[in-house]
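One structure is given here, and the rest of the page talks about it.
Read the figures in this text as sums done on the coordinates, not as results from a lab. None of these values were measured; they are calculated from a predicted model. Note that each Cβ is placed from the backbone with ideal geometry, even for glycine, and that neighbours are counted across all protein chains shown.
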Amino acid sequence: MSETADTAGTADRAGTTGPTAGEPLLEAHGLTKTFRVPRSASGSTRLHALDGVDLTVRRGETLGLVGESGCGKSTLARVLLMLERPDAGTVRYDGVDPFTLRGKSLLAWRRRVQMVFQDPFASLNPRMTAGELIAEPWLSHPDLVPRSGRERRVRELLEMVGLRAGDARRHPQEFSGGQRQRIGIARALALNPEVIVCDEPVSALDLSVQAQVLNVLTELQTELGVAYVFISHDLPVVRHVADRVAVMYLGRVVESGPAEEVFTAPRHPYTASLLSAAPRPPTAAPQDGRSRRIVLFGEVPSPTDPPSGCRFRTRCWKAEQVCADTVPADEPAPGAPQHLAACHLPL
Amino acid sequence: MTGHGTSGTETGTGTSTGSGTALEVSGLTVELRTPRGRTPVVRDVGFSVRSGQTLALLGESGCGKSMTAQAVAGLLDPVAEVVGGQVRLGGRDVLRLGRRERRSLAGPQLAMVFQDALTALNPVYTVGSQLAEPFRIHEQASRRVARNKAVELMERVGIPEPGLRAKAYPHQFSGGMRQRLLIAMAVALRPSVLLADEPTTALDVTVQAQIMELLAQLRRETRMALVLITHDLAVVGEQADQVAVMYSGTVVESGPVAEVFAAPRHPYTRGLLDSVPAGHPRGSTLPSIEGSPPRPGSVPTGCAFRARCPLARDRCATDLPPLVATGPGRASACHYWKELADV
């Protein structure tokens, strides 16, 4: 059952199921990361950004990473990209721990995981042309594309993301937000990565342009079989692109599983409240597993001083004594072993 | 451009409990003085809101929706200037009032909530003293009375332990709480019209829901008219009674939200609704509006949307389509709206 549910998720994207599609590519276990911060009201000097996070990204799939600000989703992305070293836990990429790599093998690994940033206005150097921006990664990886073929490859990449080959000579400020984000995507693709971490790739864009960029990402995945870690706070967007989702709250993954299952039958109260709090798009189906709106009281507690036991308990309407005493373990849903929720009293 | 008939007939303070028109804007035009000359950024914008109702000004960044709100509130940046139109508030055209008179309306008649609560609050005063200010200025209340009213207000917008928290500074509050404070300050003198410029955009979803609920509750209680400026279709669908869709500085479609969303009569509204991911199968290609909006300085002749429009014809390049009535309470600025209505 688990296998069928899962492959069904990736297989309805025609073409992504290459020979190796679906096998785990990037696995994280027990990732913990704290930062030193000025003493908080309670006297703590540690900010708990990640606390025992498990995560798997399979070849050619899109993993949606959902959560509110401060939940640790960007820190998690930074650890996966090796921009941040975890305090504890392991990362395995194709069976190898990238944190043990040095020199040439590290450089080779860096090529395989790339990133698309949120703000296309801040992430492109205004003094470089689009062509220079896209070709820049090859300065670090000179063997990937021979010098003579680079101009042609830049033109190809521009066309792949829906820009014109002639745009290579223009500067970022001559492009609109959506076009800039396409340049960011072309730049990430320049190194033929296997995984692209997209950190809020469309949240800075207007709705009419957002759809264009989402379409580009979907088409590229079909064509190239690249996997995405898609970080977003926009639930309808995640629902549209993700095969699987992981919902984070205060540094922990509270629920994960096939996207459709999580969205239609959330088991963790936090997921349910997130789904119900998001304003319903005008075109959404009336029955969405959230007929009654749950308005949570309060706000996310500070990560310098997280609650004991279940971190959501201070805002949860179902919380009991057990939630304060013990940290809930990931439990599979009945009949859906891939669908995990860390809750003592699942819905 | 709805509700023409009521213009000028309204009398009194506007705090009346009737369902009359609280705010009526017509022909509003705003220009920006730039080194390269004058650029129109708001062109002939009209809309009206009734007491106790919510009107959404819906549009994408740069469409002029915030500029419209600032012009109505008299808070335009000095480089921008209102060059035409009327803003009728409680029967009077506020654009014709002197500075002093206009200032006296800010608070009891018209108030505004801004997107970024942290920059809208003064960091060096306690929130209690900032909330007391409207009562001190407009009601000449004593320090003690104003302070007690401030604490009451804080309680009304759901700030826990208001007596204690009144002594705190803005940075000691979370984003959601700051937005509550800003709303408290805006509704302090029970304005008849509240302009809310993207009040929840900077907030997380769960907090966003709380703030929208607070606004709706205050609107019901005080029967104020709410003008909600937003880019979020879903927020409009849930919160607003009427919607005016803006594109490139002008209103392209207006009407009751349910009707406009069910059967849009402007290709831009239609394109926006189609771009919403929900309702499309997962991973499918989303319908999108090709291209991007024109920059304010280079709006094309005729219809501003024509370069991105699937219905565009020769006439669209030459004739600017006016906003015309297409049915009871509905209007569209498209030469070919009938083709959308028929489908």
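Along each of the three principal axes of the Cα atoms of segment B:194-256, give the extent in whole Å, ordering the values from largest to smallest.
On the principal axes, segment B:194-256 reaches 31, 27, 17 Å in Cα extent.
Suppose only helical runs count, i.e. DSSP H with n ≥ 4. What mean residue ellipticity at 222 nm does that imply for chain B under -39500 (n - 2.57) per run, divided by all residues and rounded to the nearest 500 deg cm²/dmol?
My calculation for chain B gives -9500 deg cm²/dmol from helical runs alone.
Based on alpha-carbon positions alone, could you give the equivalent ellipsoid semi-axes of segment B:55-119 from the gyration tensor, as √(5λ), descending, whole Å?
The equivalent ellipsoid of segment B:55-119 has semi-axes of 20, 15, 13 Å.
Given 25 °C and 0.890 mPa s, compute D for segment A:110-186 with the Stokes-Einstein relation, Rh being the Kirkwood radius over Cα pairs; round to the nearest whole µm²/s.
D = 194 µm²/s.
Rg/Rh for segment A:198-312: what does it come to with C-alpha atoms and Rh from Kirkwood?
0.98
Could you give the distance between the Cα centres of segment A:240-268 and segment B:186-261, to the whole Å?
Result: 30 Å between the Cα centres.
Taking the alpha-carbon set of the protein assembly as shown, what are its Rg and Dmax in Å?
Just the Cα atoms of the protein assembly as shown yield Rg and Dmax of 26.6, 79 Å.
Rg and Dmax of segment B:33-168, using alpha carbons, in Å: what are they?
Final numbers for Rg and Dmax: 17.9, 53 Å.
Using 0.36 nm per residue of separation minus the Cα-Cα distance, give me the extension gain between A:Arg170 and A:Thr32 in nm, one decimal.
45.4 nm
Could I have the simple spin-label model distance between A:Leu107 and A:Leu347, label points 7 Å from Cα toward Cβ, reported in nm to one decimal?
With each label point 7 Å from Cα toward Cβ, the separation is 5.0 nm.
Take chain A, connect every pair of alpha-carbon atoms lying under 10 Å apart with a spring to form a Gaussian network, then pick out the residue of A:Ile294, A:Ile196, A:Ile134 with the largest mean-square fluctuation.
A:Ile294
Per residue, how big is the convex hull of chain B when only Cα atoms are used? Give it in Å³.
It is 150 Å³ per residue.
For the pair B:His171 and A:Ala265, how long in nm is the line joining their label points, each one 7 Å along Cα→Cβ?
5.0
Tell me which DSSP H helices of chain B clear both cut-offs, 15 Å or more of axial length from alpha-carbon atoms and a mean Kyte-Doolittle hydropathy of at least -0.5.
B:127-138, B:175-187, B:205-222
Can you compute the label reach from B:Arg190? Point 7 Å from Cα along the Cβ direction, backbone N cut-off under 15 Å, restricted to segment B:129-148.
Hits in segment B:129-148 for B:Arg190 at 15 Å: B:135, B:139.
Subtracting the Cα-Cα distance from 0.36 nm times the residue separation, let me have the gained length for B:Ala317 to B:Glu221 in nm, one decimal.
29.8 nm
Could you tell me, in Å, what Rg and Dmax come out for the Cα atoms of segment B:285-338?
12.5, 35
If r is the Cβ-Cβ distance from A:Leu144 to A:Ala88 and R0 is 41 Å, what FRET efficiency results, to the nearest 0.05?
0.75
Taking every pair of distinct Cα atoms and averaging 1/r, then inverting, what Kirkwood hydrodynamic radius in Å comes out for segment A:2-258?
Evaluated on segment A:2-258, it is 19.1 Å.
Return the average number of partner chain Cβ atoms within 10 angstrom of each residue Cβ along peptide A:200-209.
That works out to 5 on average.
Average projected area of the Cα convex hull of segment B:214-317, in nm²?
Computed as one quarter of the Cα hull surface, the answer is 8.5 nm².
So what is the relative contact order for segment A:51-135, in percent, with contacts set as C-alpha pairs under 8 Å and at least six apart?
14
Counting every Cα pair in segment A:93-136, what percent are over 13 Å apart?
68
When the Cα atoms of segment A:114-255 are enclosed in a convex hull and the volume is divided per residue, what value in Å³ results?
Dividing the Cα hull volume of segment A:114-255 by its residue count gives 120 Å³.
Stick to Cα atoms and the Kirkwood definition of Rh, then tell me Rg/Rh for segment B:121-190.
That ratio equals 0.92.
Let me know the mean shielding of B:206-216 by other chains, meaning the per-residue number of their Cβ atoms within 10 Å of its Cβ.
The per-residue average across the peptide is 4.
Just to compare against my own numbers: the Cα pair-distance distribution for segment A:171-242, 10 Å bins, whole % per bin, please.
18, 56, 25, 1
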